[in-house]
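Visitor: Structure incoming, see below.
FYI, it's all coordinate maths here, none of it is from the lab. Only a predicted model underlies this, so the values are computations on that prediction, with no experimental measurement involved. Because the Cβ atoms are built from the backbone with ideal geometry, glycine has one as well, and the counts that use them run over all protein chains shown.
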């Protein structure tokens, strides 16, 4: 029925089957949108957050998806600026993933702020002393950049390509991609960093407060490093997942291995900096604020296991594995390591968002616990459902993987 | 931070931040506007045709981009880097001078390849009729792929056509194929039936250079590759039950297909 819209030379299942697969995600999205409506209409009392636990599931989701979406800018930078042409095979998918992650994060932020109609206040009355100002400006700009980068991919649709003026625009716009990739890198650098810096400047929370390097706390740089390390791993995992679901090879194995190697090198660099930062914090920063660092790990829920898991199990171990060619040649080891890196970054964002707020800092403080309300979970699920829907529709109608056609042909030729 | 905010005072930080933010915003807007401006500048048919051809050529699979010398067995593994424009290709000139020994045996293609014509990769041929005029038609494979078309839309007499630009359009059901012109010149006649149409073109000065077209010998090797490509098109669900090889191609390929021929036409007639 929709054959005339499908990319040429590749096979896609019938429309009814596709619609059936998408239906549960549409339901999930609808449930989430209802929860969002409740939060906007009734207020943030629909959530389990309060003045003490002001950051919850939503901010955790924001920080994690923004880190995972970093694959878009790092892949764009490597392809268009450093000319690593092998990444052409995944750049379209990276842009769609980035767009999903960033638009999802911005949407959930709008709900979290509680009054989306006043979102423009942040631009009109910005607070220059807040890291969030930098985050808001850069995030908005980068989302616009991602939308612009998505336009040429949409124009590659089989039917749209047949309109000469669209094809010419796509051709001309594509020539300017290095400019957008450069701008995207600058913007991502600053907003990833400022999201980390946001925690590092909190003097009232010695668990996350860090010394400054130049004008930024060390968490500024750690966030950038961890995001660019996790981005390629997430891209690798999604590519493999789409291959499994669609039942076809989409990229050559050496592209996946390159992503794995890149992620491995970057995570090792991150682990080194993180280890040094943690040692300085344990021996100097935290005691200087009157808190021996190990006091934070006295509670069973957040024992030292969480710190060690973050740095060693989900950082050093997969990093070392991905550095060895022989190991990363095994697809199971490659995927396992990439998954560990992604989980490690998710754990890091959890520690910074949830553990930070749960730990008491004043003598009369208690250990706080927080569990999200169903409205928070539903809104979270809506972002996931939106991502699955947008990605699936893009995969069905747009050439997200340029090597897919060639690989299908060589598979046919072999058969 | 901004001047309209109560008790605002400018500081270096404000200026630096706003400058950085504005320069980023201006760069993004300028990139988008530049693309819009450039694409409006490219609206002339010549430029548009060249861009469309470049887009088509860049997306061609490797097996459809083989250099004519690779097809004829004179060199190994040489994809064309020039958009099939052998007029300016240094390697083509060099190989012609070297006069390498090609494969001596001609493959059996099962298609008519008249010796008095030159062939274009968009499945058209030209047959010189006088010093500056040629006749254009579909090659045998092109004719079989088209079958009995519903309509052929010819250019108006006096229209100019250029290499790899559109010289006419064929319609069959919902499928549409822009047939690419093999030469530059002015259309002086058009006619024939839907299944056997022709164009007569008076060549321009540049159009008299026909080095980019395949000789009948080269066309034989190329058409063999094209048949393989066609077979690939059918590998999905397009054509019911088919034999992998053996026998000749039916005279009306679309009539033997389960679905409309749009996908096959787009692939074989080099559509964007």
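Visitor: Counting alpha carbon pairs within less than 8 Å and at least 6 residues apart, what relative contact order, in whole percent, applies to the range A:195-270?
Guide: Result for the range A:195-270 is 31 percent.
Visitor: Evaluate the range A:1-50: find the radius of gyration of its Cα atoms, find its Kirkwood radius, and give the ratio Rg to Rh.
Guide: 1.31
Visitor: Calculate how steeply helix A:403-414 sits against the longest principal axis of the alpha-carbon atoms of chain A, using the helix alpha-carbon long axis, and give the answer as 0 to 90 degrees to the nearest 10.
Guide: 50
Visitor: Grab the beta carbon distance between residue B:44 and residue B:132, set R0 = 25 Å, and tell me the FRET efficiency rounded to 0.05.
Guide: 0.50
Visitor: In addition: How far apart, in nanometres, would the label points at residue A:128 and residue A:175 be if each is projected 7 angstrom from Cα along the Cα-to-Cβ direction?
Guide: The modelled label-to-label distance comes out at 4.0 nm.
Visitor: At 7 Å along the Cα-to-beta-carbon direction for both residue A:121 and residue A:17, put a label point, then send me their distance in nm to one decimal.
Guide: Result: 5.1 nm between the two label points.
Visitor: Also, I was wondering about something else. When a/c reaches 1.5 or more, the comparison of a/b and b/c decides; with that in mind, is the range A:1-152 rounded, prolate or oblate per its Cα gyration tensor?
Guide: oblate
Visitor: So if R0 is 35 Å, what FRET efficiency would residue A:272 and residue A:366 give, r being the distance between their Cβ atoms, rounded to the nearest 0.05?
Guide: Approximately 0.45, to the nearest 0.05.
Visitor: How do A:271, A:255, A:95 line up, fewest other C-beta atoms within 10 Å first?
Guide: The order, fewest Cβ neighbours first, is A:255, A:271, A:95.
Visitor: Over all alpha-carbon pairs of the protein assembly as shown, lay out the pair-distance distribution in 20 Å bins, whole %, shortest bin first.
Guide: Going from the shortest bin to the longest, the percentages are 15, 42, 27, 13, 2, 0.
Visitor: Can you pull the one-decimal nm distance between simple spin-label points at residue A:33 and residue A:113, each 7 Å off the Cα toward Cβ?
Guide: 2.2
Visitor: Please say if the range A:22-66 is rounded, prolate or oblate, where rounded means a/c under 1.5 for a ≥ b ≥ c the square roots of the C-alpha gyration tensor eigenvalues, and otherwise the choice is prolate for a/b larger than b/c and oblate otherwise?
Guide: oblate
Visitor: Got the relative contact order for the range A:220-330 handy, in percent, Cα pairs under 8 Å and 6 or more residues apart?
Guide: Computed value for the range A:220-330: 33 percent relative contact order.
Visitor: Between rounded, prolate and oblate, where does the range A:269-415 land on the alpha carbon gyration tensor, with a ≥ b ≥ c its root eigenvalues, rounded for a/c under 1.5, else prolate if a/b exceeds b/c?
Guide: Here the range A:269-415 falls in the oblate category.
Visitor: Right, next: Mind sorting A:120, A:31 by how few other Cβ atoms lie within 10 Å of their own Cβ, fewest first?
Guide: The most exposed by this proxy come first: A:120, A:31.
Visitor: Given the C-alpha centroids of the range A:131-196 and the range A:209-234, what is the distance between them in whole angstrom?
Guide: 23
Visitor: Got a sec? How would A:332, A:118, A:158 order by Cβ neighbour count within 10 Å, fewest to most?
Guide: Ranked by crowding around the Cβ, least crowded first: A:332, A:118, A:158.
Visitor: Pairing the Cα long axis of helix B:45-59 with the longest principal axis of chain B, what angle in degrees results, from 0 to 90 and rounded to the nearest 10?
Guide: 80
Visitor: Right, another one. Taking only C-alpha pairs under 8 Å that are 6+ residues apart, what is the relative contact order of chain B in percent?
Guide: Value for chain B: 19 percent.
Visitor: Still on this structure: Pop the C-beta distance of residue B:202 and residue B:87 into the FRET formula with R0 = 25 Å and round what comes out to the nearest 0.05.
Guide: 0.85
Visitor: Additional query: Between the helical axis of A:253-280 and the dominant principal axis of chain A, each derived from Cα atoms, what acute angle in degrees is found, rounded to the nearest 10?
Guide: Computed tilt is about 10 degrees.
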